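Accompanying notes for the structure given below.
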Amino acid sequence: MGVGEALAGLPTLAELEGACTIVHALFPPTPQQRWPLLDRRVGAEVWVKHENHTPVGAFKVRGGVVFFHELLASGVSVPGVVTATRGNHGQSIGLAAARHGIRAAVVVPHGNSREKNAAMRALGVELIEHGNDFQASLEHAEAVARERGWYRIPSFHPWLVRGVGTYALEFLRAAPELHRVYVPIGLGSGLCGMIAARDALGLRTEIVGVVSSLAPAYALSLRSGVPQSAPVTTVLADGMACRTPVADALALMRGKLAGVVEVSDEQVADAMRALFSDTHNVAEGAGAAALAALLSERDAMRGRRAGIVITGGNVDRDVFARVLAGAAS
C-alpha cells in the first residue's frame, strides 16, 4: 500500500478546486458540447464532456498529475513507480512521471491495445506484458514493485479520485443542471469523481454507472452489496474490463447512484458509430459506453437534459475501422 492509500471519503469542493489548479497548469478545461444530431438521435438535450481532448486523449491524465503532486509533496522517496493498466491510466502515469524525471514501469496484459502500448512507450514508460487480463497484470505489478523497491501506484486511490474529479467539476459547473449523467466504470475513479462533484455542488443530478455486460463485476457487486468477481469477455470495451472490483470504490458509490446500466459490445459499437456520425469525434469502447447506456434509456430520458462523458478516444485504428464498417469488434 502507498501513502494515502487507505479508504478516504469523497473529496470536498475545496479539494476538487485545488486539484483543478494543479491540472489546469498543464492543460485547460476540456469542452462540454451539445451536438444537434445527437440531440435528435436521443430525443433529449444531450451534453457531452469531451475527455478525449486531453493531452493523452483520456480523462485519466488528471489523476496522474494530481497523484504525483501529492506523492512528491509527501516527501516519500520515489526511485521509480510501477502500475498496471489497460492503457489510459498507464499513459497518465507515464506523462506525470516524465514531468518529474522519475522512471515508470507499466504492466499490461498480453494482447493489449497496440496503439495504447505505443503511446505509453513514447512517454518513456518501460512496458511489461504479463497475464491475460488486467487482474493478472495488477498482481504482477505488485511483485515488480517489491522486487525493485519502487513505489506501486494503484489504479484506484483517493488522490486519483481527486484528480479525475476535476472533469466532473468542470462539467457540472459549465453545463445547465443535468437531470441525469451517465459515467462508465472501469475501477471506479471517474464515477466516484462525478459523485464527489455532484455532492460538493449540492446538485440533484442523478448519476448512472455504466458497465459492460461482458464485464459485470461492478454491477453485480452494487446490486448484491458485497464485492463479487466476474469473468471478462468484452473485446471492445477494454477500459471497463474489470474482473475484481475495488472494495473502497464500492463503498463510495453505495447509495449514491440512480442505477447501473449494462451495455453489450454491440451497443457500444453502435454508440461509437453514432458519436462519429453525429459529432465526428472518435471514442474508444469505454468512451462510448455512456452514450450506449443513454440510448438504451432514451424513452425515459425523452425531452430531458442528459450528460455523457467520452472518457477516452484511444482506440486502435484497425478496431475503429471495423466498428465503422459495422462490426462489434
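The values are calculated or read from the model by the stated rules, or taken from the named source; none is laboratory data. Everything numeric here is computed off the predicted structure, so don't read it as measured data. Neighbour counts are summed over all protein chains in view; Cβ atoms, including those assigned to glycine, are modelled from backbone coordinates with ideal geometry. These area figures cover heavy atoms from the full protein model, side chains too; ligands, DNA and RNA do not enter into them. Shrake-Rupley method; radii C 1.70, N 1.55, O 1.52, S 1.80 Å.
Limited to the stretch 143-166, what total is found for residues that are part of a loop (DSSP other than H, G, I, E, B), open to solvent by 10 Å² or more (accessible area, probe 1.4 Å) and either closer than 17 Å to Gly94 by Cβ or out of contact with any Ser or Thr (no Cβ under 9 Å at 6 or more places or on another chain) (or both)? Total satisfying the criteria: 3. Which of the residues spanning the stretch 49-78 are closer than 16 Å to Ala283 by Cβ and assigned to a loop (DSSP other than H, G, I, E, B)? Selection gives Thr54, Val56, Gly57, Phe59, Lys60. Out of Gly124, Gly186, one residue alone is open to solvent by 40 Å² or more (accessible area, probe 1.4 Å) and in a loop (DSSP other than H, G, I, E, B). It is Gly124.
For the structure I just gave you, tell me whether Val82 is closer than 26 Å to Ala230 by Cα, of a type in the set (A, V, I, L, M, F, W, C) and either part of a helix (DSSP H, G or I) or open to solvent by less than 40 Å² (accessible area, probe 1.4 Å) (or both). Spelling it out, Val82 is indeed closer than 26 Å to Ala230 by Cα, of a type in the set (A, V, I, L, M, F, W, C) and either part of a helix (DSSP H, G or I) or open to solvent by less than 40 Å² (accessible area, probe 1.4 Å) (or both).
Residues that are of a type outside the set (Val, Ile, Thr) and more than 18 Å from Asp238 (Cβ to Cβ) are absent from the stretch 111-118. For the stretch 247-267, a residue qualifies if it is farther than 19 Å from Ile207 by Cα and either of a type in the set (D, E, K, R) or touching a Gly at 6+ places or on another chain (Cβ under 9 Å) (or both), and the qualifying residues are Asp265, Glu266. Among the residues of the stretch 12-27, is any of a type in the set (A, V, I, L, M), open to solvent by 20 Å² or more (accessible area, probe 1.4 Å), part of a helix (DSSP H, G or I) and free of Cβ contacts under 8 Å to residues at least 24 places away in the same chain? Yes, the stretch 12-27 contains at least one residue that is of a type in the set (A, V, I, L, M), open to solvent by 20 Å² or more (accessible area, probe 1.4 Å), part of a helix (DSSP H, G or I) and free of Cβ contacts under 8 Å to residues at least 24 places away in the same chain. Only residues that are surrounded by 20 or more Cβ atoms within 10 Å (Cβ to Cβ) and touching a helix residue (DSSP H, G or I) at 6+ places or on another chain (Cβ under 6 Å) were counted in the stretch 252-266, giving 5. All of Ala249, Ala230, Ala241, Ala269 fail the test of being at pLDDT below 95, touching a helix residue (DSSP H, G or I) at 6+ places or on another chain (Cβ under 7 Å) and open to solvent by less than 20 Å² (accessible area, probe 1.4 Å), apart from Ala241.
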